[in-house]
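Novice: Handing you a structure now.
The values are calculated or read from the model by the stated rules, or taken from the named source; none is laboratory data. All of these numbers come straight from a predicted model, not from anything done at the bench. Side chains are part of the model used for accessible areas, which takes the heavy atoms of the whole protein and leaves out ligands, DNA and RNA. Shrake-Rupley method; radii C 1.70, N 1.55, O 1.52, S 1.80 Å.
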Amino acid sequence: MSQNDAASRSDDAMQRAAYGGHEPDEAIDLYSGGYNGSGFYAEPTDGPFSFRYTVVGDDEMTLRSSSFTASMRGTIEPEDEYVVSWITAGRAVMDIGGDEVQMSTGRPAMFPTGKRYAFHFSDVRQNLIHFNAGYLERLAAERTGGEQQKLHFDHTAQLDPTALKRWHDVVSSVARTMLGNEPDPLLRAEAKRLAASALLDTFPHQGPRVAAVALPPGNARLATALEYIHHHAAEAITTSLIAQAAGLSLRGLQHAFNNQLGTTPTDYLRGVRLDLVQAELLAASPTDATVGAIAQRWGFAHSGRFSSAYVRRFAEYPAVTLRR
């Protein structure tokens with residue numbers, strides 16, 4: 001493919017590519033080929049046609065941007081990827097004739113999964129994050145202790161405002177890491193994991209549940225409680241809400257955690273949040289982020305107690321992690 005103004009390079013598994021031009025056929029070839037598309041066609045709008053498409057990342061996750069001055073239609077079914085996108089200008093409709101979604105500026109939406117669907121975008125500027133399917137599925141399985149399997153995202157779901165704010169914060173932090181100077185491989189790995197975890201926390205989906213085999217038989221309610229904690233760690237959840245989600249009394253919840261895990265629901269939740277704080281600190285830039293702001297975002301209001309808990313878990317102060 002020979003797009004005008006195209007440039008690409010690869011360095012230490014990082015991919016950076018940019019495509020652009022003024023020929024509709026070149027844009028159609030690019031988008032149709034990249035998204036397993038068919039039936040693409042473009043119609044002019046008010047001005048001359050142009051398009052630009054950029055990619056930064058690696059085989060597991062890429063940050064992308066797309067823009068074109070045209071009305072473009074077609075059908076797509078991305079292969080071996082999960083894609084989340086949000087428009088910053090223009091009009092966009094996904095899954096026309098099915099579970100149709102009118103995209104709104106700045107609000108992210110998952111591409112429909114497991115089916116071919118029709119779209120209509122007009123004069124759109126769009127940001128996207130692509131996750132390799134195997135990478136995201138492995139992380140989802142690790143988080144729950146379940147077996148790796150396909151994930152099915154509900155692209156029509158209403159997103160929780162708290163989780164959505166968390167998503168925006170994470171994307172900003174990850175973008176600074178990935179789009180700046182060539183990131184250290186460790187920072188890149190942590191940024192990818194942070195973005196993937198935020199996606200799984202934010203966008204409703206069906207996938208592996210906490211595996212019953214990871215617990216003694218007959219602990220389905222405890223597994224549900226663990227899953228609830230992992231999925232809602234960014235929210236102001238309480239032991240009462242955890243118990244309610246698991247269908248247990250407070251005493252029953254405490255008993256299950258103590259007998260089977262040797263801990264309390266509160267301590268388990270704290271550990272999950274500390275792990276997520278560490279991931280965000282590793283992905284953040286010390287010039288753009290503070291330990292206090294990240295800690296508060298994960299529910300740690302008292303800096304002294306947070307710092308002590310962090311040191312006990314990771315054997316270093318959070319400020320040291322941020323400066324890595």
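Novice: At a probe radius of 1.4 Å, what is the per-residue accessible area of Leu222, in Å² to the nearest 10?
Specialist: Answer for Leu222: close to 0 Å² accessible.
Novice: Heavy-atom accessible area of Thr264 with all protein chains present, probe 1.4 Å, nearest 10 Å²?
Specialist: Counting only protein heavy atoms, Thr264 exposes about 50 Å² to solvent.
Novice: While we're here: Largest first, what is the accessible-area ranking of Phe257, Phe40 with a 1.4 Å probe? Display every interim value, and only then the final one.
Specialist: Numbers: Phe257 0, Phe40 30 Å².
Largest to smallest exposure gives the sequence Phe40, Phe257.
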